[in-house]
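Everything on this sheet refers to the single structure shown next.
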Amino acid sequence: VAAKPDCVFCKIVQGEIPSHRVFENDAVLAFMDIGPLAEGHLLVIPKAHYQTIDQMSAEHAAELGRVLPQLTGVVQQVSGATGCNLLQNNGVVAGQAVLHVHFHIIPRAAQDGLGYRWHPKSYPDGRAAELATLMSTALGRSA
Ligand code: AMP
């Protein structure tokens, strides 16, 4: 997957824009978020340019996923956080500002004021089963 001209994160991968690198291998780069929600806020990206996670090959997604446990542990260890939010805003409508897939690792502490309260809805009768069938059928298999 070629780098995308004018993509900020592709430029960070190529070293054309400075960043504080924490980890990298052939497929993945982790660096400090320039606008941290808490000290230690890390971004983890595939080096290959994908706009959203649903466009990623399973192999590239797996390479990204396999570094998340250790990076999360290090973020917690160094920041002193007792937990983290791992967040991936997928698509502009979901709040994605930089259109190159990235996982946020956001350190959390009690009373840090960040909050994270979404309000769950409920399904009308039968709708959850209907959606489950539609999705498992789209996957080409039954759950
Ligand atoms: P999102 O809203 O999920 O697309 O988040 C984009 C994140 O990228 C934000 O948290 C920004 O602070 C961060 N960001 C944008 N530009 C840079 C940069 N040059 N270096 C590091 N982080 C960046």
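The values are calculated or read from the model by the stated rules, or taken from the named source; none is laboratory data. Computed from a prediction, not measured in an experiment: that's the story for all the values here. So basically every Cβ, Gly included, is an ideal-geometry build from the backbone, and we count neighbours across all protein chains shown. In case anyone asks, the SASA skips ligands and DNA or RNA and just uses the protein heavy atoms, side chains included. Shrake-Rupley method; radii C 1.70, N 1.55, O 1.52, S 1.80 Å.
Looking at region 48-63, I want the residues that are without any contact (Cβ under 8 Å) to a residue 24 or more places away in the chain and have a partner that is open to solvent by 30 Å² or more (accessible area, probe 1.4 Å) with Cβ atoms under 7 Å, at least 6 apart or on another chain. Which pairs are those?
Ala61/Ile53
Taking region 28-39 as the search range and keeping residues that are of a type outside the set (D, E, K, R) and over 15 Å from the mean Cα position of the chain (by Cα), which one is farthest from the ligand (Cβ to nearest atom)?
Top of the filtered list is Ala38.
Going by the structure shown, is Lys4 touching a His at 6+ places or on another chain (Cβ under 6 Å) and either among the charged types (D, E, K, R) or under 18 Å from Gln88 (Cβ atoms) (or both)? Please lay out each step first, then the result.
Numbers: touching a His at 6+ places or on another chain (Cβ under 6 Å): yes; either among the charged types (D, E, K, R) or under 18 Å from Gln88 (Cβ atoms) (or both): yes.
Judged against the criteria, Lys4 is a match.
Of the numbered conditions (1) more than 14 Å from the ligand (Cβ to nearest atom); (2) of a type in the set (A, V, I, L, M); (3) within 26 Å of Arg117 (Cα to Cα), Ala58 fails exactly one; give the number of that condition.
Here Ala58 meets the rest and fails (3).
Test Asp125 against the criterion of being open to solvent by 70 Å² or more (accessible area, probe 1.4 Å), part of a loop (DSSP other than H, G, I, E, B) and more than 30 Å from Cys7 (Cα to Cα), and give yes or no.
Taking the combined requirement at face value, the residue satisfies it.
Considering only region 88-108, state which residues are more than 7 Å from the ligand (Cβ to nearest atom) and in contact (Cβ under 8 Å) with a residue 12 or more places away in the chain. Step through it out loud before you land on a result.
Just the residues of region 88-108 that are more than 7 Å from the ligand (Cβ to nearest atom), to begin with: 88, 90-94, 99-101, 103, 105-108.
Gln88, Asn90, Gly91, Leu99, His100, Val101, Phe103, Ile105, Ile106, Pro107, Arg108, listed by residue number.
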